[in-house]
C-alpha cells in the first residue's frame, strides 16, 4: 500500500488507522481565555465565547481581562473573571492572580495576547 508517496506495510497502516479511530478527543471541561488588551479583538473573542457556551454548555469558561476589556468580555456571560492590569503589576498581584487561576484547575488555556507580560506570568502549566 502507498501512503504519502511511501510504501507502507498494510498491517502498519491498519494499526495506525485503528489507533486514530479509537482516540477520542474531548473538549476541555474548564477553559481559560486570555484577552487583556485590544477592544477590536475582544469583540470577536466574545462572539467566540458565546458560540462555545452554546455548543458546549457544560464547559466552565474563565476569562483573563484588563480594565479596558473587562465589561465587553464579561457583561451578560456566565464566566469566571480574572483581572490583569499591566500598570499595577506587583509580586503580590501576580501571586494572587496565579493562585486564583490555579484554584480553578483549567484544563486548557487559549491565549490571544501577543507579546504581553500577561502571558509570561501564568502559563507554565494549567491546573
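On the basis of being exposed (fewer than 14 other Cβ atoms within 10 Å of the Cβ), more than 23 Å from residue 41 (Cα to Cα) and modelled with pLDDT of 85 or more, does residue 104 make the cut? Talk me through it step by step, then tell me what you get.
On the way: exposed (fewer than 14 other Cβ atoms within 10 Å of the Cβ): no; more than 23 Å from residue 41 (Cα to Cα): yes; modelled with pLDDT of 85 or more: yes.
No.
Let's see how each residue does on (1) surrounded by 15 or more Cβ atoms within 10 Å (Cβ to Cβ); (2) modelled with pLDDT under 85; (3) in contact with a helix residue (DSSP H, G or I) (Cβ under 8 Å, 6 or more places away or on another chain); (4) more than 17 Å from residue 111 (Cα to Cα):
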site: 49; (1), (2), (3), (4): yes, no, yes, no
site: 58; (1), (2), (3), (4): no, no, no, yes
site: 65; (1), (2), (3), (4): yes, no, yes, no
site: 71; (1), (2), (3), (4): no, no, no, yes
site: 78; (1), (2), (3), (4): no, no, yes, yes
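Of the residues making up the stretch 28-53, those that are touching a residue at least 60 places away in the same chain (Cβ under 8 Å) and in a helix (DSSP H, G or I) are 41, 45.
Against the numbered list (1) at pLDDT below 65; (2) under 32 Å from the mean Cα position of the chain (by Cα); (3) over 24 Å from residue 106 (Cα atoms), residue 39 comes up short only at (1).
Of everything listed in (1) more than 18 Å from residue 86 (Cβ to Cβ); (2) at pLDDT 85 or above; (3) in contact with a strand residue (DSSP E or B) (Cβ under 7 Å, 6 or more places away or on another chain); (4) assigned to a helix (DSSP H, G or I), the single unmet condition for residue 13 is (2).
Exactly one residue out of 20, 54 is surrounded by fewer than 12 Cβ atoms within 10 Å (Cβ to Cβ) and at pLDDT 90 or above: that is 54.
The values are calculated or read from the model by the stated rules, or taken from the named source; none is laboratory data. As the structure is a computational prediction, the values presented were derived from the model and not from experiment. Cβ: placed from backbone, ideal geometry, glycine included. Neighbour counts: every protein chain shown.
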